[in-house]
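Trainee: Handing you a structure now.
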Amino acid sequence: MAVQRTYMAKPGEVQKQWHIVDASDEVLGRLASDIAVVLMGKHRPEYTPHVDCGDFVIVTNVEKIAMTGNKMQARHYTWYTGYPGLRLESYQDRQERKPEDLLLHAVRRMLPKNRLARQMLAKLKIYAGPDHPHTAQQPNELVRQSKKVNN
């Protein structure tokens, strides 16, 4: 009787691809979850949890990303500086100041909490405008069934 073996990917044998996403009028959380799946490699049949099987993702037009309802004004990003007190900033203020940070932190929190996640996050390239310097990699459009924000 033949025993069927489970395939486990090795770190050097996974071919990385480049994908590009236009974030204009996209919902922040839905876009972040789709990007996290591609960075982890869960869209591939040879996904292995302890190996970085994910692809590179380029995101453009991040300054046009949105949230549903009035969450951009109502929700706040908080951080601790190390001095007494807690810093607080609304998502809309953060988007005006650092538009790349909204998507970066949303994706980072959806990845595993280990050393491998830092390698995965390094494959995420975020740009506020429509231009990016990765045309030589010939990125493909990331296929998603997304809901756009109706403003």
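The values are calculated or read from the model by the stated rules, or taken from the named source; none is laboratory data. Keep in mind that what you see is a predicted model, and the values were worked out from it rather than measured. Neighbour counts run over all protein chains shown; Cβ positions are idealised from the backbone, glycine included. With ligands, DNA and RNA removed, areas are computed over all heavy atoms of the protein, side chains included. Shrake-Rupley method; radii C 1.70, N 1.55, O 1.52, S 1.80 Å.
Trainee: Of the numbered conditions (1) out of contact with any strand residue (DSSP E or B) (no Cβ under 9 Å at 6 or more places or on another chain); (2) open to solvent by less than 80 Å² (accessible area, probe 1.4 Å); (3) assigned to a loop (DSSP other than H, G, I, E, B), LYS16 fails exactly one; give the number of that condition.
Mentor: All conditions pass for LYS16, except number (1).
Trainee: Against the conditions (1) of a type in the set (A, V, I, L, M, F, W, C); (2) assigned to a helix (DSSP H, G or I); (3) open to solvent by 20 Å² or more (accessible area, probe 1.4 Å), where does ILE35 fall short? Just the number, please.
Mentor: It fails just one condition, (3).
Trainee: Further question: In region 128-145, what count of residues is obtained for those that are surrounded by 13 or more Cβ atoms within 10 Å (Cβ to Cβ) and in contact with a helix residue (DSSP H, G or I) (Cβ under 8 Å, 6 or more places away or on another chain)?
Mentor: The qualifying residues number 3.
Trainee: Being out of contact with any helix residue (DSSP H, G or I) (no Cβ under 9 Å at 6 or more places or on another chain) and farther than 21 Å from TRP18 by Cα is true for just one of LYS113, LYS125. Which residue is that?
Mentor: LYS113
Trainee: Hey, can you tell me all the residues within region 90-121 that are open to solvent by 70 Å² or more (accessible area, probe 1.4 Å) and not in a loop (DSSP other than H, G, I, E, B)?
Mentor: Filtering region 90-121 for residues open to solvent by 70 Å² or more (accessible area, probe 1.4 Å) gives 93, 96-98, 108-110, 113-115, 118-119.
Result: ASP93, GLU96, ARG97, ARG108, ARG115, ARG118, GLN119.
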